[in-house]
Amino acid sequence: MQKVSEILNEVHRLIEKEKRKFILTGSSPRNLRRKVHNLLAGTALSYSMHALTVKELGQKFQLDHSLKFGQLPCVYTESNPKKYLKSYVKTYFDEEVKQEGLTRNLASFSRFMEAASFSQGSVLSITEVARECSIERKVVENYFHILEDLLIGYRIPVFTKKAKRRMVAHPKIYFFDVGVFRTLRPMGPLDMPEESEGAAFETLLFQEINVLNSMLETQYKIYYWRTASEKEVDIFLYGPKGLLAIEVKRTSRITNSMLSSLKSFEKYYPIEK
């Protein structure tokens with residue numbers, strides 16, 4: 001294995017040779033975009049750093065651990081991953097939201113984050129989130145844009161191409177990592193564990209697909225499918241290699257009724273897998 005100094009020297013040599021401008025950034029995607037927004041096309045490459053994948057974790061991967069704490073690198077090395085995640089979330093939002101001046105009221109943004117966590121993996125109603133955190137709807141809409149801008153959250157649109165039935169209009173929302181989602185979502189004595197367990201399982205699958213789609217450059221677009229009569233396919237991939245429909249269930253027993261949405265979907269899109 002090469003020494004770190006040798007690798008850095010090689011990187012420096014390549015940069016000098018190619019005469020390109022490289023910017024190394026930490027956790028601030030907004031800051032990076034401000035610096036490179038006026039670069040000419042072809043002079044810069046953009047890469048995203050994600051949480052780890054199951055393949056990268058290899059034999060260290062434990063499903064229960066990932067469902068509880070996510071797959072940020074440190075949650076598999078820290079002795080207290082729960083404490084680490086609380087610190088991560090607090091530090092990130094203090095740095096990115098407060099210091100970047102994205103919102104003047106950090107307390108209202110914190111209430112929004114908590115309310116948004118209850119929409120994880122569900123059809124998003126901005127009006128309902130605004131009512132839950134007592135914030136104006138326009139402000140909440142802006143907050144969701146901030147989440148996407150910071151690469152913290154993803155809004156997944158409903159698939160409507162060649163739709164023969166009336167579809168819902170709202171997107172679904174996912175935080176980028178299971179551990180971050182579970183840290184943001186409060187659990188009290190009146191909350192049933194299965195309410196967050198199902199969302200956590202779907203989130204883990206979504207983040208794995210999202211990361212692999214980016215890393216492998218498969219060019220799939222990620223959607224979900226839901227009719228007005230509430231037939232839903234949780235995750236739907238549409239791209240050059242075809243269609244892939246995925247129904248997510250966390251259960252020890254599969255029944256035919258659980259497949260009804262997939263069967264309904266297949267009637268309209270028979271080429272899907």
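The values are calculated or read from the model by the stated rules, or taken from the named source; none is laboratory data. This structure is a prediction, so every number in the text was calculated from the model and none was measured. With ideal geometry, Cβ positions are generated from the backbone for all residues, glycine too; neighbour counts draw on all protein chains shown.
Some observations on this one:
- Contact annotation: residue pairs with Cβ atoms under 6 Å, 6 or more positions apart or on different chains, pairing a residue in the range 223-234 that is in the same structural domain as H170 (by TED's automatic domain parsing) and assigned to a loop (DSSP other than H, G, I, E, B) with a partner that is among the polar types (S, T, N, Q) and surrounded by fewer than 21 Cβ atoms within 10 Å (Cβ to Cβ), are K231/S261; K231/S264.
- Qualifying position, being farther than 30 Å from K231 by Cα, among the basic types (K, R), modelled with pLDDT of 90 or more and touching a helix residue (DSSP H, G or I) at 6+ places or on another chain (Cβ under 8 Å), among K68, K98, K82: K82
- Residue check for M215: within 30 Å of F69 (Cβ to Cβ) and more than 23 Å from the chain's Cα centre (by Cα): no
- Residue, nearest to I209 (Cα to Cα), within the range 242-273, restricted to residues that are part of a helix (DSSP H, G or I) and touching an Asp or Glu at 6+ places or on another chain (Cβ under 9 Å): L262
- Restricting attention to the range 251-263, the residues being modelled with pLDDT under 85 and surrounded by 10 or more Cβ atoms within 10 Å (Cβ to Cβ) number 0.
- Close pairs from the range 81-96: first without any contact (Cβ under 8 Å) to a residue 40 or more places away in the chain, partner loosely packed, with under 15 Cβ neighbours inside 10 Å, Cβ under 6 Å, at least 6 apart: Y84/C74
- Residue that is surrounded by the most Cβ atoms within 10 Å (Cβ to Cβ) [pool: residues in the range 152-196 that are among the β-branched types (V, I, T) and at pLDDT below 90]: I152
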